[in-house]
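What follows is a short report on a single structure.
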Amino acid sequence: MNKLLTKTVKKVTIMSIVIAVLLIASFLITFFVGANYGIATDDMATLTVTVDDYHFNNEASIVKVESVCETTFASPEVNVEPKITYRGEMSADSELVYAFEYGTDLSKAKTALKKAFETEQAKADSPIVAAEISVSTGSELLKAEIAWGYVWRAVGAAALFAVLAFVYVALRYRLNMGILTAVCALLAPALSAAIILLTRIPFTAASFYAMAISSMIATVFVLFNLNKLRANLKSEEAADKSAEELIVSSTATKEITVFTAIMGVALILVGAIATAAVRYFALASLVSLIVAAFVGLVFAPALYLPMKKRADKKAEGVTASGYQGAKKTSEQED
């Protein structure tokens, strides 16, 4: 890893250009095409199966109803696949709602499903033999774009967090380290949003929480690096090392890698067993986690290198820890 960091630590200009291109591209695509909103907030065609309350709350009955629906949808004559399914429990008749891509023709599915229920209820041993079941179709214009209020609140929260991080780090460490932390705290959510929008991952209001997590984790990773850097600057070997060597050796590679791996596995497991809405959040969080790791592990060291060189040059030979080595003196002959 140190060999890789030795190469990337000098590439801050290239990385900055690539990041700028990603941010601009995501803005343009979102402006002209729009974000990919999740099915839960998108236009949809719906097929609703209404079941009387007694059979809806009876496990054997509702499982049979769902089985009939799934079999009918998968049949060659119908061949439609719902994007999402949810139950609407009410005080009287309750509903099973199947949502499909907007514009899907559900007339065949409706007719086939009515016949399938009639056939099933004709069986004497069926758990839904006496159930009151009706089938209806419709379309709902539910494409509720994320309100701009969410965006401005997210931007404000990110800016406030960056300011607080700057103040804390600048007071505890150094001014240039505070600037580094603030930049990374702002870059992580912005880059996370860009990648989520560019890859067309379904965007929901929960995506803002994933971006906030990215900002916080990136800040923690930068602090890992700064803690190691401060300790290395106080060591006796610091005077013999170049700025590149100090920064590379001070990168918290192990801590960042282990943390990212553990959190990444947890998010993958959550996404594998969760509902669609939670799966979108887990996917956005995974992207944000990877971005935070990139910022802390690769971009932050590269960004701090020119800052440190400038500070060292300004100090005119004084090390970053404030220690000034002994000066060589020439012997004078009488």
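The values are calculated or read from the model by the stated rules, or taken from the named source; none is laboratory data. Computed from a predicted structure; not experimentally measured. A quick note on method: Cβ atoms are made from the backbone with ideal geometry, for glycine too, and the neighbour counts reach across all protein chains shown. When the accessible area is computed, the model is the full protein with side chains, heavy atoms only, and any ligands, DNA or RNA have been set aside. Shrake-Rupley method; radii C 1.70, N 1.55, O 1.52, S 1.80 Å.
Here are a few things to note about the model shown:
- Any hit, the stretch 275-285, residues being in a helix (DSSP H, G or I), under 12 Å from the mean Cα position of the chain (by Cα) and aromatic (F, W, Y): yes
- Residue that is modelled with the lowest pLDDT, among those in the stretch 247-266 that are open to solvent by 20 Å² or more (accessible area, probe 1.4 Å) and over 24 Å from R279 (Cα atoms): S249
- Verdict on R200 being basic (K, R), modelled with pLDDT under 90 and in the same structural domain as I24 (by TED's automatic domain parsing): yes
- Applying the condition of being part of a helix (DSSP H, G or I) and acidic (D, E) to the stretch 86-130 and asking which residue is nearest to S67 (Cα to Cα) yields E120.
- Among residues of the stretch 222-236 that are crowded, with 21+ Cβ neighbours inside 10 Å, those with a beta-carbon under 7 Å from a residue that is polar (S, T, N, Q) at least six positions away or on a different chain give the pairs V222/T181; N225/S250; N225/T251; L229/S250.
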